[in-house]
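This report concerns only the one structure given below.
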Amino acid sequence: MSARIDHFTVAAFERPASFAALVEQVARLQAEQGTDGEVFVTLDDPDQCLYTRSHAVDAHGFDAGLDYPSDGDPAALAAYESAALHATAAALADPARAFAWADLPEEWLWEADDIEALAAMNAHPEVVLDAVHIAQCLPSGMGLLANLPNGYFSGDWTPFATHAVAERLRRQGYTLRGIGARCLWFARTTTPSPSETDATISDLQHLYGNADSPAWAALHLTLATRPHLLLGYTEDFAELTSDLGDA
């Protein structure tokens, strides 16, 4: 794949040795960018992520009324990409199109195995690593979903649902920092307190159900030790952990 998405692309991290190494690379790049913008990255299977992104844009009309430049002029293309970014951000912030937090679980039917996969994914975050992770630097306040809206298939969270989840998790100090074909990465500036971890687990049980799964306790232990949270947003996200076995 091309290690570039659009003119917001600022770097490509190839085959990071670990999830921690990817986090360090993102933090270093953010420090270099300073206050000029916010850095985000692609995660698992960026090709599929970008493919479904284009379908999500079409399905939700995020670029409606915008003309894609046909002459290949770099300045015109950058102008189009900036306009599309702002149009998508405006659509996601539109109260008339928003998802209510209380209604989100009605959209999905998660199984107990999905909760186990959620716990495994966070205990072994290397499952989201890929051959290349493309870093985007967006104007502050735009947010990752304005540039990489995703969730196209019927079993996926839509961009509007993911936006609602992201806004909710901000209450626990988490910011959306990465998206792949199946998962989302949220990060905090500090490790959560016990009460913050309790609140996060409560919100995740609201989203995924299966509150009696013992995997919630395992996930609680993991989240209490690190400032990162990985979530699956597609019906097949559990496949990311299929190679872990009994690890």
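The values are calculated or read from the model by the stated rules, or taken from the named source; none is laboratory data. Computed from a prediction, not measured in an experiment: that's the story for all the values here. Every residue, glycine as well, gets a Cβ built from its backbone with ideal geometry; the counts of neighbours run over all protein chains shown. Protein only, heavy atoms only, side chains kept; ligands, DNA and RNA dropped before computing areas. Shrake-Rupley method; radii C 1.70, N 1.55, O 1.52, S 1.80 Å.
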Just wondering, is there one or more residues in region 106-118 that are at pLDDT below 90, more than 21 Å from Leu229 (Cα to Cα) and in contact with a helix residue (DSSP H, G or I) (Cβ under 8 Å, 6 or more places away or on another chain)? yes
Among the candidates Arg171, Arg188, single out the residue that is in contact with a His (Cβ under 8 Å, 6 or more places away or on another chain) and of a type in the set (Lys, Arg). Arg188
Are there any pairs with C-beta distances below 6 angstrom linking a residue in region 164-175 that is closer than 13 Å to Thr189 by Cα to a residue that is open to solvent by 40 Å² or more (accessible area, probe 1.4 Å), with the two at least 6 apart or on different chains, and if so which? Gln172/Glu196
Restricting region 147-195 to residues that are open to solvent by less than 60 Å² (accessible area, probe 1.4 Å) and of a type in the set (Val, Ile, Thr), the residue that is nearest to Gly61 (Cα to Cα): Thr158
Can you tell me which of Asp198, Asp243, Asp203 is assigned to a helix (DSSP H, G or I), over 17 Å from the mean Cα position of the chain (by Cα) and either surrounded by fewer than 23 Cβ atoms within 10 Å (Cβ to Cβ) or at pLDDT below 95 (or both)? Asp198
Yes/no for Leu230 being under 17 Å from Ala181 (Cα atoms), open to solvent by less than 50 Å² (accessible area, probe 1.4 Å) and in contact (Cβ under 8 Å) with a residue 60 or more places away in the chain: yes
Hand me the list of helices (runs of 4 or more DSSP H) wholly inside region 58-157 holding 1 or more residues that are over 28 Å from Ala31 (Cβ atoms) and more than 19 Å from the chain's Cα centre (by Cα). 74-92, 112-123
If Asp44 satisfies every condition in (1) part of a helix (DSSP H, G or I); (2) within 21 Å of Asn122 (Cα to Cα) but one, which is the exception? (1)
